[in-house]
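Asker: One structure coming up, written as structure tokens, with questions to follow.
The values are calculated or read from the model by the stated rules, or taken from the named source; none is laboratory data. Given the structure is predicted, the values throughout are model-derived calculations rather than measurements. Quick reminder, even Gly has a Cβ in these numbers, built from the backbone with ideal geometry, and neighbours come from all protein chains shown.
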2 protein chains.
Amino acid sequence: MRAVDLIIKKRDGGTLSTAEIDFLIQGYTAGTIADYQMSAWAMAVLFNGMDDRETTDLTLAMAASGEQLDLGALGARAVDKHSTGGVGDKTSLVLGPLLAAAGLPIAKMSGRGLGFTGGTLDKLESIPGMRIDLSRSEFLTALDQVGMVIAGQTADLAPADKKLYALRDVTGTVESIPLIAASIMSKKLAAGAHAIVLDVKVGSGAFMKTLDQARELAQRMVSIGTLAGREVAAVLSTMEQPLGRAVGNALEVREAIATLQGQGPDDLLELCLTLGAQLVLLTGKDRGLSAARRRLETVLATGQAWQKFRQFVQQQGGDVRAVDEPDRLPQAAVVQPLPSPQAGYVQSINALEVGLTASELGAGRERITDPVDPAVGIVLNAAVGDKVGQDEPLLYIHAHDSAAADAAAARLAQAIALSSEPVTAPKLILDIVQK
Amino acid sequence: MRAVDLIIKKRDGGTLSTAEIDFLIQGYTAGTIADYQMSAWAMAVLFNGMDDRETTDLTLAMAASGEQLDLGALGARAVDKHSTGGVGDKTSLVLGPLLAAAGLPIAKMSGRGLGFTGGTLDKLESIPGMRIDLSRSEFLTALDQVGMVIAGQTADLAPADKKLYALRDVTGTVESIPLIAASIMSKKLAAGAHAIVLDVKVGSGAFMKTLDQARELAQRMVSIGTLAGREVAAVLSTMEQPLGRAVGNALEVREAIATLQGQGPDDLLELCLTLGAQLVLLTGKDRGLSAARRRLETVLATGQAWQKFRQFVQQQGGDVRAVDEPDRLPQAAVVQPLPSPQAGYVQSINALEVGLTASELGAGRERITDPVDPAVGIVLNAAVGDKVGQDEPLLYIHAHDSAAADAAAARLAQAIALSSEPVTAPKLILDIVQK
């Protein structure tokens, strides 16, 4: 078998066999197939696509290229969640405790923020003492004792995906739905959970700009998971405006805490309950959606979810006082309101611009090695559809100094559109894709 | 400017500017743009094409990546010919003397055979003493004194094309008409001739399998040459059967000599006169096609072309006795006929198979470093449309030993189809493309 023949086969619209895909991924991982061949193949895939079987084979080959976590001892209860990435997305911090408190163990290997999106690890590190670099045994102990653990990669999961993704990033071959689906699912399958829910973001602040694209990606991932013997569902949720109100590491932790204490923004809670209920259904714990949702609402109302979050923080070395009294979390030197230039209704909030501005303030990074400032960010005071008075703050900028705050204010003033007519708030949950 | 953005632009159907194409080729030549980016870009070009302006920019950028021969002293008379490669194609050996004798200096940098096609350099080296590794000054002196020179690359012509071609070969990106056109024309432009004729072969023994493909390639190359300020025409000629009768290095030299002495096969002479007349027209030496053709027929009839060939051989160190008495050329130990299994008409001769069999006999090579045997090859005794009697030889196999001859006979028996009904000989010249 020669790589060039497989490139030509795909280029000419053919379908690669399981053996052919294994040959490509094993060769690429071992270094016997060169970057220049894989990038040409990826471009051919971008034009000619892959069917579900090919995509599943690619996913499994990449998952098999490194370590695979065995969560078999947890049986069908082990759950995981993946979000395609958005602005203000602190879902994992709320959903994890809800699920763990409801008896569904969740072990997440998360990433850091890059570009306009934040990363769960950066958010957790704003809690003093919190460790995200756990050893394998610490990771499994935490999962066993708390039922919830979030850490950096403790295992070398899907190294072929890591290598291929880095290559796609510099060769214009990122935007292929089958390749995106295989990339996400290879890591999820290797991480070992039996039931997986995917939060596919749609809109200007998301990677998927249209509902059609997002639905195609969701269907692909659900098919792959199903063909690979897992239980998978996907929720399509809007990213036309940031999720919740807070964007920035410590600011988002505060919002997650508030939500676990029953005082968070409606959209964040609603998304967490929707994602969580799908997982409860997938594990077979409840038969109907309303029972599944009620199970999560109960652990929220009784405070069990909040207590689970505290245990989680404590288990990973975090200072529980900082979550009990969130004023102990890092705070920015300057907090500056952005007043509304007129009375009216919020017509749109450009999530991408909010994310980029928060990153510019120091909450995010351009290169993966850059440090982040845990304190800075943006807290919205109004969402799309809300009525605002003239000079009423549209949002608050948390900055290191007033020069940074002024620069952010100028940028954010362009990112929010107001209307004199009432505006309907956008729908949060756009669709649910099940097998 | 970033390479990845240019890949994405082409991927999404955009048109690259002159500056963008220069950036890619200069960066690739300098090594600042990686193979994996160029292969992804080439695949995007394969799918989305390039317009004439982009293709010309690519050609000029590749021509400018290395040395460029200045034949300006020869003015509009300097001519060149390029063939896209076929089986039994010894055109350069006949056309060169015809043109030089007619007062059109021709300086050709040629290549060696690879796969099923022979190379002019290998053919010339079957003449004892003949040197094809000329220095720059030897090359220009020969051109000046004889009006004709054929040698290996004395200059580092279009190194970007060399690098890109090697990459395309292993990444499934060879079969793009604009990339093929740019590759050929970059070397021709750098070689400095003012008037260029292109012999685009069509058929089973050629790289272009259909007339449509060949015409598209021809039009592309004529457009590029014209936009680059040269005079260019293309002849589309059939490669459904080998050109002439001989396939193999010394055998082809003998056939070229016979042709220059007025005793060669009709198709070879006709193609040379057609290509040559186009060049005479392009240089403006004659106004009409019939006058241009007559000029070449005259130098053939008077023996001036044959004398020019002798001068050419002498100038490059070859033994003139070997061309005056071709039996002094290398001869194979075994010459074995392939008898016709039945009486009838030759319906088809698979040129690709004949080329591959000659290569297997030792006339060609799989790797560019392999040696070739100058003596071996195949001489057809009948062409498509010819009537043959039972047991009459269809062809003669010139081999190193009888085992090799038997193996070739078995293969060639499958490559020739006979018919009991009369068969029309295929048309040699399929079309001529002018600006």
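Asker: I need the full set of residues from the range B:166-190 which are charged (D, E, K, R), in a helix (DSSP H, G or I) and within 14 Å of chain A (Cβ to nearest Cβ), in order please.
Answerer: Result: B:R168, B:D169.
Asker: Could you list all residues from the range B:139-150 that are out of contact with any Ser or Thr (no Cβ under 8 Å at 6 or more places or on another chain) and not β-branched (V, I, T)?
Answerer: Correct list: B:L140, B:A142, B:L143, B:D144, B:Q145, B:G147, B:M148.
Asker: If I go through the range A:24-37 residue by residue, how many of them are more than 13 Å from A:S65 (Cβ to Cβ) and more than 7 Å from chain B (Cβ to nearest Cβ)?
Answerer: The qualifying residues number 2.
Asker: Okay, moving on. Regarding B:K209, is this residue of a type outside the set (D, E) and crowded, with 21+ Cβ neighbours inside 10 Å?
Answerer: In short, no.
Asker: For B:R131, which of the numbered conditions (1) surrounded by 18 or more Cβ atoms within 10 Å (Cβ to Cβ); (2) more than 30 Å from B:D286 (Cβ to Cβ); (3) modelled with pLDDT of 90 or more fails to hold?
Answerer: B:R131 satisfies every listed condition except (1).
Asker: Given the condition surrounded by 19 or more Cβ atoms within 10 Å (Cβ to Cβ), part of a strand (DSSP E or B) and more than 14 Å from chain A (Cβ to nearest Cβ), answer yes or no: does some residue in the range B:217-227 qualify? Let's see the steps before the verdict.
Answerer: Quick first cut of the range B:217-227, residues surrounded by 19 or more Cβ atoms within 10 Å (Cβ to Cβ) only: B:217-218, B:220-225.
Within this subset, residues satisfying the condition of being part of a strand (DSSP E or B) are none.
So far as the range B:217-227 goes, no, none of its residues is surrounded by 19 or more Cβ atoms within 10 Å (Cβ to Cβ), part of a strand (DSSP E or B) and more than 14 Å from chain A (Cβ to nearest Cβ).
Asker: Tell me, yes or no, whether the range B:49-56 has at least one residue that is within 30 Å of B:L236 (Cα to Cα) and out of contact with any Pro (no Cβ under 9 Å at 6 or more places or on another chain).
Answerer: yes
Asker: Here's another thing I want to ask about it. Can you go through A:G344, A:G389 and tell me which one is surrounded by fewer than 16 Cβ atoms within 10 Å (Cβ to Cβ) and within 30 Å of A:S420 (Cβ to Cβ)?
Answerer: A:G389
Asker: Among the residues of the range B:109-143, write down those that are among the basic types (K, R) and touching a residue at least 60 places away in the same chain (Cβ under 8 Å).
Answerer: Of everything in the range B:109-143, those that are among the basic types (K, R) and touching a residue at least 60 places away in the same chain (Cβ under 8 Å) turn out to be B:R112, B:K123, B:R131.
Asker: Take B:G13 and tell me if it is surrounded by fewer than 23 Cβ atoms within 10 Å (Cβ to Cβ) and out of contact with any Phe, Trp or Tyr (no Cβ under 6 Å at 6 or more places or on another chain).
Answerer: yes
Asker: So which of A:G355, A:G389 ends up being modelled with pLDDT under 95 and not assigned by TED's automatic domain parsing to the domain that holds A:V200?
Answerer: A:G355
Asker: Quick check on my filter: what residues within the range B:151-178 are surrounded by fewer than 22 Cβ atoms within 10 Å (Cβ to Cβ) and farther than 22 Å from B:R367 by Cα?
Answerer: Within the range B:151-178, B:A155, B:S176, B:I177 qualify.
Asker: Next question. In the list A:V335, A:V299, which residue meets the criterion of being out of contact with any Cys (no Cβ under 8 Å at 6 or more places or on another chain), part of a strand (DSSP E or B), more than 22 Å from A:E240 (Cα to Cα) and not hydroxyl-bearing (S, T, Y)? It would help to see each step written out before you state the result.
Answerer: Numbers: A:V299 fails: part of a strand (DSSP E or B).
Within the list A:V335, A:V299, the selection yields A:V335.
Asker: Here's a follow-up. Of the residues A:A425, A:A405, A:A410, A:A415, which single one is under 24 Å from the mean Cα position of the chain (by Cα) and in the same structural domain as A:E360 (by TED's automatic domain parsing)?
Answerer: A:A415
Asker: If the Cβ limit is 8 Å and pairs must be 6+ apart or interchain, which residue in the range B:66-82 that is of a type in the set (D, E) pairs with which residue that is in a helix (DSSP H, G or I)?
Answerer: Final answer for the pair search is B:E67/B:A190; B:D80/B:K188.
Asker: Residue by residue through the range A:305-328, note down the ones that are touching a Phe, Trp or Tyr at 6+ places or on another chain (Cβ under 9 Å) and of a type outside the set (A, V, I, L, M, F, W, C).
Answerer: Within the range A:305-328, just A:G318 meets the criteria.
Asker: May I ask you to list pairs of residues, at least six apart or on different chains, whose Cβ atoms are under 9 Å apart, with the first in the range B:1-15 being within 9 Å of another protein chain (Cβ to nearest Cβ) and the second being among the acidic types (D, E) and exposed (fewer than 13 other Cβ atoms within 10 Å of the Cβ)?
Answerer: B:V4/A:D169
Asker: If you don't mind, there's one more thing I want to ask. Which residues, counting only those in the range A:38-75, are surrounded by fewer than 21 Cβ atoms within 10 Å (Cβ to Cβ) and either in contact with a strand residue (DSSP E or B) (Cβ under 7 Å, 6 or more places away or on another chain) or within 14 Å of chain B (Cβ to nearest Cβ) (or both)?
Answerer: A:F47, A:N48, A:G49, A:G66, A:E67, A:L71 - these are the residues of the range A:38-75 that are surrounded by fewer than 21 Cβ atoms within 10 Å (Cβ to Cβ) and either in contact with a strand residue (DSSP E or B) (Cβ under 7 Å, 6 or more places away or on another chain) or within 14 Å of chain B (Cβ to nearest Cβ) (or both).
Asker: Same structure again: Only residues that are assigned to a helix (DSSP H, G or I) and either within 14 Å of another protein chain (Cβ to nearest Cβ) or of a type in the set (G, A, S) (or both): list them for the range A:138-165, please.
Answerer: A:A142, A:A160, A:K163, A:L164, A:Y165
Asker: Just to be sure I understand the filter: pairs with C-beta atoms under 8 Å, separated by 6 or more residues or on different chains, first member in the range B:375-390 and more than 28 Å from B:R328 (Cβ to Cβ), second member of a type in the set (G, A, S) and in a strand (DSSP E or B). Which pairs pass?
Answerer: B:V384/B:S348; B:K387/B:G344; B:V388/B:G344
Asker: I've got another one for you. Residue check, B:I368 against (1) in contact with a helix residue (DSSP H, G or I) (Cβ under 6 Å, 6 or more places away or on another chain); (2) more than 13 Å from B:A404 (Cα to Cα), all met but one. Which one?
Answerer: (1)
Asker: Give all pairs with beta carbons closer than 6 Å in which a residue from the range B:277-297 that is under 21 Å from B:A193 (Cα atoms) and buried (at least 18 other Cβ atoms within 10 Å of the Cβ) meets a residue that is of a type in the set (K, R) and at pLDDT below 95; count only pairs at least 6 apart in sequence or on separate chains.
Answerer: B:T283/B:R77
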